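Data first, discussion second: the structure below is written as structure tokens.
The values are calculated or read from the model by the stated rules, or taken from the named source; none is laboratory data. Note that the coordinates shown come from a computational prediction; the quantities given were computed from them, not determined experimentally. Note that each Cβ is placed from the backbone with ideal geometry, even for glycine, and that neighbours are counted across all protein chains shown.
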Amino acid sequence: MNEKRVLTGRYFMMGNVACAEGAIAAGCEFTAGYPITPATEIANRLAERLPQVGGGFFQMEDEISAIAAVIGASWAGRKAMTVTSGPGISLMLENIGFAVGVETPCVIVNVQRGAPTTGMPTVGVQGDMVQARRGSHGDYEIIALCPSSPQEMFDHTVIAFNYAETYRTPVFILSDAFVGHMREEVIIPEPEKIRTVYRKIPESGTDPQKIRGFLDEDVAPMPIFGKGFKAHVTSSCHDEYGKRNLIDISALDKFIRKLSNKILKHKEEITIVERDYEGAEIVLVSYGAVARAAATAASQARKEGIPVGTLRLITVWPFPGEEIEKMARKAKQVIVLENNLGQIYPYIKAEAAHFAEVSFLPPRLVGEIQDPEDILRKIREVSK
Amino acid sequence: MSRVEILIGGVGGQGVVLSGILLGTGATLFGGKKAVQTQSYSSELRGGSARAEVIISEEPVSDPQVRRPDILILLAEDALPKYIGRVRPRGLVVIDSDLVKGIQPGEYEILSVPATSIADKEMGNTVVANLIILGALIKRTGLLPVEAMEKAIEMSVPKKAIALNLNAFRRGLQLS
């Protein structure tokens with residue numbers, strides 16, 4: 001318990017290790033998981049480091065219990081996280097819906113790998129993008145960040161905790177094996193330079209009957225266990241007091257809308273994008289490691305005199321449709337790049353196609369991010 | 001050259017990934033450069049195929065994937081057919097000549113190092129063959145300062161193995 005929580009310094013660090021350090025720096029105290037390639041290094045690092053700072057990593061019997069333990073820890077007032085890959089997320093989906101429904105802050109790291117099914121564990125693919133958004137049943141919103149480097153594995157994990165605590169919701173880190181296993185310079189700042197947020201909780205001594213602990217679009221204070229709040233936490237449709245209602249459709253409507261609006265109302269402050277398309281006629285839209293290949297190609301194209309820009313989605317969910325529209329209004333051609341067969345492409349096309357020609361460029365081999373040479377060829381083709 | 005792409009191919013247990021980490025650490029923390037290291041391996045820890053990729057650059061590395069390696073390091077025969085076709089014209093191919101036999105002359109330079117037999121005879125441990133290769137590579141190319149690599153070795157290998165690894169690296173510097 002005598003080690004430092006924040007390992008300030010400059011490192012040549014693996015993305016997965018940086019993710020674990022980001023979690024600890026953000027104040028995470030509880031993690032539970034079931035080891036899976038390519039996310040294992042995060043679990044290993046947490047298992048080693050968290051006990052040093054008064055927290056713990058729990059290896060559970062499977063992913064279902066891992067997410068359940070994380071939800072429980074969060075309700076006990078701890079910042080909590082689980083780490084896995086696609087097959088693990090598939091098992092967690094039911095409880096992820098539960099976490100959304102009862103408004104549980106937690107961070108879920110998916111280091112995506114070759115899929116479907118058990119697929120190819122060490123190859124990075126952006127294959128679970130829509131699963132994060134639509135995997136559990138029912139209408140709901142989710143927040144997801146897409147890091148492109150080990151530095152961002154650290155930075156985004158801190159942001160993910162802050163979003164989870166601010167909006168009382170599960171937040172995804174959608175990394176992949178390529179970025180998770182990548183080593184690069186990572187700078188961990190001084191602790192006082194890392195902004196951390198903790199959820200609102202009701203004032204102690206509040207009459208338990210009067211706590212509106214749920215369904216507030218501006219985020220209800222969380223009546224965590226152990227403080228005498230006597231909250232009723234139910235996955236069934238409930239009102240703002242947590243009281244079940246299984247008969248009034250208007251209660252269901254409110255349950256769905258308030259939960260969704262809690263995210264959508266704050267979409268502008270949640271959304272993070274990188275825009276570099278001033279004066280561009282062709283804009284490359286991408287996220288994660290693919291964005292780095294796109295930036296290389298755009299810079300090469302500009303040297304050849306072709307006005308190419310980039311838009312990188314850092315938060316893919318909630319979907320930043322307004323940002324896509326703003327970009328497309330100025331562009332003639334939009335090229336979407338993903339390391340998959342086109343998962344976010346339909347969402348981008350729906351926003352952009354009214355203003356610009358939209359096309360998709362898959363990688364030559366799914367599992368290997370687009371070659372800048374191939375992107376350039378596509379740029380030359382559409383610029384004719 | 002502002003961007004150098006290095007691909008290291010071998011089998012699990014040969015220190016393929018460690019070699020990549022040493023180059024990346026030497027460049028980033030002690031060589032005043034930027035580097036990205038990535039890797040891929042099949043699920044077997046030992047004996048399965050292993051690959052490490054390193055990009056060393058004067059500027060921050062944008063595209064993080066090795067496309068056409070300027071330097072290809074082959075530590076196993078199996079890696080030869082997989083990667084030889086990807087070498088950039090006039091690139092450098094470094095081989096452990098005890099393990100890689102089938103290489104044909106081509107539009108590349110070959111640096112042939114009997115690393116496994118030197119490691120075995122002189123160090124009594126074939127596991128440091130990769131360090132001998134790295135020494136020979138640094139001597140031939142001047143890719144990174146020797147001190148940067150030595151600091152990277154001291155930082156990255158277990159304490160009790162530092163001397164062995166440094167010896168192997170320094171032995172490699174005398175070759176080529």
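Some points to look at:
- Meets criteria (crowded, with 24+ Cβ neighbours inside 10 Å and either out of contact with any Ser or Thr (no Cβ under 9 Å at 6 or more places or on another chain) or within 13 Å of B:A152 (Cα to Cα) (or both)) for B:G15: yes
- Tally of residues being more than 19 Å from B:V94 (Cβ to Cβ) and either at pLDDT 95 or above or in a helix (DSSP H, G or I) (or both) across the stretch B:1-24: 0
- Residue check, A:R168 under 25 Å from A:L337 (Cβ atoms), touching a residue at least 60 places away in the same chain (Cβ under 8 Å) and among the basic types (K, R): no
- Top-ranked residue in the stretch A:129-148 [being crowded, with 24+ Cβ neighbours inside 10 Å and part of a loop (DSSP other than H, G, I, E, B); ranked as farthest from the other protein chains (Cβ to nearest Cβ)]: A:C146
- Matching entry among B:G15, B:G31 (being touching a residue at least 60 places away in the same chain (Cβ under 8 Å), farther than 26 Å from A:R113 by Cα and more than 10 Å from every other protein chain (Cβ to nearest Cβ)): B:G31
- The stretch A:349-370, subset in a loop (DSSP other than H, G, I, E, B) and touching a helix residue (DSSP H, G or I) at 6+ places or on another chain (Cβ under 7 Å), residue surrounded by the most Cβ atoms within 10 Å (Cβ to Cβ): A:I369
- Residues that are within 14 Å of chain B (Cβ to nearest Cβ), outside any loop (DSSP other than H, G, I, E, B) and under 25 Å from A:Y140 (Cα atoms) within the stretch A:279-336 comprise A:S286, A:R312, listed in sequence order.
- Answer residue from the stretch B:155-175, given it is farther than 14 Å from B:G24 by Cα, touching a residue at least 12 places away in the same chain (Cβ under 8 Å) and of a type outside the set (A, V, I, L, M) and is surrounded by the fewest Cβ atoms within 10 Å (Cβ to Cβ) among those: B:Q174
- Restricted to the stretch B:34-50, and to residues there that are modelled with pLDDT of 95 or more and closer than 18 Å to A:N16 by Cβ, the residue that is farthest from the other protein chains (Cβ to nearest Cβ) is B:A35.
- Residues that are of a type in the set (A, V, I, L, M) and under 30 Å from A:G22 (Cβ atoms) were ranked within the stretch A:185-212; the one that is farthest from the other protein chains (Cβ to nearest Cβ) is A:I201.
- Matching entry among B:S19, B:S2, B:S57, B:S42 (being touching a helix residue (DSSP H, G or I) at 6+ places or on another chain (Cβ under 8 Å) and small (G, A, S)): B:S19
- Counting only residues that are out of contact with any Asp or Glu (no Cβ under 8 Å at 6 or more places or on another chain), among the charged types (D, E, K, R) and either crowded, with 24+ Cβ neighbours inside 10 Å or in a loop (DSSP other than H, G, I, E, B) (or both), the stretch A:81-116 holds 1 of them.
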